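Bear in mind these aren't lab numbers, they're just calculated from the coordinates by the rules spelled out. Keep in mind that this is a model prediction, so the values were computed, not measured. Don't worry about glycine lacking a Cβ; one is built from the backbone with ideal geometry, like all the others, and counts go over all protein chains shown.
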Number of protein chains: 2
Amino acid sequence: MSDTQRDVRSIPAAFDVVTEPWQPHRLATVNDADVKVVRLLGEFVWHTHPDTDELFLVRSGTLVIQLRDGDVTLGPGDVYVIPAGVEHCPIAREEVEAVLIERVGTLNTGDAGGDRTFEAREL
Amino acid sequence: MSDTQRDVRSIPAAFDVVTEPWQPHRLATVNDADVKVVRLLGEFVWHTHPDTDELFLVRSGTLVIQLRDGDVTLGPGDVYVIPAGVEHCPIAREEVEAVLIERVGTLNTGDAGGDRTFEAREL
């Protein structure tokens, strides 16, 4: 296998490693954006990312993102961008596999902090 | 349907609209990055994006990205990032559906220009 081929990352293989919910792992970085994989199950916490938009791409399951002005529902293959500074709280009634895109260094709980905070891990 | 729900974009629905190869269409923007969908078929042109990394996420098919120091082969669910300034030339022997992430305003042919240049369209 060539050195470059070793740098290919597989999203399905990433989900074999990332087995616990709410623990984002970094798959790749493109310019100043991290691409992460994460499982979601249950309700998260209301929070805001003041300095970054956050893109959710759902790979499996149904994700509801609560916003202060209504809910957004995402199924497989759906993409939604939460603008920087917009308060939100994801709920996954059954397990969801999702890909996130957000600025390098973004914490999952944003400005809320607390015990759901998880420093993104490397794959 | 709520206003926010209308902002959800579907990758499968995007590929129903984007039927021709080598015509990237913008699905979403997250900070300064555009997320585009594109079909690839045949060989493209050697080119470089001096100012942006370029992420390929393959949705279906097998994509070979030729680099000056070897080829990279991507299947469904695979992700590869071409660093800014690295010359590359994609080949799809059968049709490939891919998602691209790159800086807003990036042209498909980068510094090469020519008749394969396609200004990314909105979905």
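Scan the stretch B:44-65 residue by residue and report those that are under 28 Å from residue A:77 (Cα atoms) and either assigned to a strand (DSSP E or B) or polar (S, T, N, Q) (or both). Spell out how you get there, then give the answer.
Of the stretch B:44-65, the ones under 28 Å from residue A:77 (Cα atoms) are B:44, B:49, B:52-65.
The answer is B:52, B:54, B:55, B:56, B:57, B:58, B:59, B:60, B:62, B:63, B:64, B:65.
Kindly provide the set of residues from the stretch B:45-64 that are crowded, with 23+ Cβ neighbours inside 10 Å and either at the interface with chain A (Cβ under 10 Å from one of its Cβ atoms) or among the charged types (D, E, K, R) (or both), ordered by number.
If the condition is that a residue be crowded, with 23+ Cβ neighbours inside 10 Å and either at the interface with chain A (Cβ under 10 Å from one of its Cβ atoms) or among the charged types (D, E, K, R) (or both), then B:54, B:55, B:56, B:57, B:58 are the ones that fit.
So which pairs qualify, if the first residue must be in the stretch A:55-81 and over 24 Å from residue B:36 (Cβ atoms), the second must be part of a strand (DSSP E or B) and not β-branched (Val, Ile, Thr), the Cβ gap must be under 6 Å, and the two must be at least 6 apart or on different chains?
Sorted first by the residue in the stretch A:55-81, then by its partner, the pairs are A:61/A:94; A:61/A:95; A:64/A:71; A:66/A:89; A:67/A:88.
Just checking, how many residues over the stretch A:82-117 are farther than 13 Å from residue A:37 by Cα and either of a type outside the set (Asp, Glu) or surrounded by 17 or more Cβ atoms within 10 Å (Cβ to Cβ) (or both)?
Of the residues in that region, 23 qualify.
Kindly establish whether residue A:87 is within 14 Å of chain B (Cβ to nearest Cβ), among the acidic types (Asp, Glu) and without any contact (Cβ under 8 Å) to a residue 60 or more places away in the chain. Outline the logic, then answer.
Working: within 14 Å of chain B (Cβ to nearest Cβ): yes; among the acidic types (Asp, Glu): yes; without any contact (Cβ under 8 Å) to a residue 60 or more places away in the chain: yes.
Taking the combined requirement at face value, the residue satisfies it.
Has the stretch B:32-42 got at least one residue that is touching a Phe, Trp or Tyr at 6+ places or on another chain (Cβ under 6 Å) and surrounded by fewer than 22 Cβ atoms within 10 Å (Cβ to Cβ)?
No, every residue in the stretch B:32-42 fails to be touching a Phe, Trp or Tyr at 6+ places or on another chain (Cβ under 6 Å) and surrounded by fewer than 22 Cβ atoms within 10 Å (Cβ to Cβ).
In this structure, does residue A:38 turn out to be touching a residue at least 40 places away in the same chain (Cβ under 8 Å), within 14 Å of another protein chain (Cβ to nearest Cβ) and either of a type in the set (Val, Ile, Thr) or under 26 Å from residue B:78 (Cβ atoms) (or both)?
On the way: touching a residue at least 40 places away in the same chain (Cβ under 8 Å): yes; within 14 Å of another protein chain (Cβ to nearest Cβ): no; either of a type in the set (Val, Ile, Thr) or under 26 Å from residue B:78 (Cβ atoms) (or both): yes.
Against the criterion (touching a residue at least 40 places away in the same chain (Cβ under 8 Å), within 14 Å of another protein chain (Cβ to nearest Cβ) and either of a type in the set (Val, Ile, Thr) or under 26 Å from residue B:78 (Cβ atoms) (or both)), residue A:38 does not qualify.
Might you check whether a residue that is facing chain B (nearest Cβ under 7 Å), part of a strand (DSSP E or B) and under 18 Å from residue A:79 (Cα atoms) occurs anywhere in the stretch A:5-27?
Yes, there is a match, as at least one residue in the stretch A:5-27 is facing chain B (nearest Cβ under 7 Å), part of a strand (DSSP E or B) and under 18 Å from residue A:79 (Cα atoms).
Name every residue in the stretch A:86-123 that is closer than 23 Å to residue A:10 by Cβ, of a type in the set (A, V, I, L, M), out of contact with any Ser or Thr (no Cβ under 9 Å at 6 or more places or on another chain) and outside any loop (DSSP other than H, G, I, E, B), in order of residue number.
Passing the criteria: A:99, A:101.
Restricting to the stretch B:110-123, give me the number of residues that are touching a residue at least 24 places away in the same chain (Cβ under 8 Å), within 22 Å of residue B:17 (Cβ to Cβ) and not charged (D, E, K, R). Before you say what the answer is, go through the steps one by one.
Of all residues in the stretch B:110-123, those touching a residue at least 24 places away in the same chain (Cβ under 8 Å) come to B:110-112, B:114, B:116, B:118, B:120-123.
Right, trim to within 22 Å of residue B:17 (Cβ to Cβ) and you get B:116, B:118, B:120-123.
Subset that is not charged (D, E, K, R): B:118, B:120, B:123.
Looking only at that region, the number is 3.
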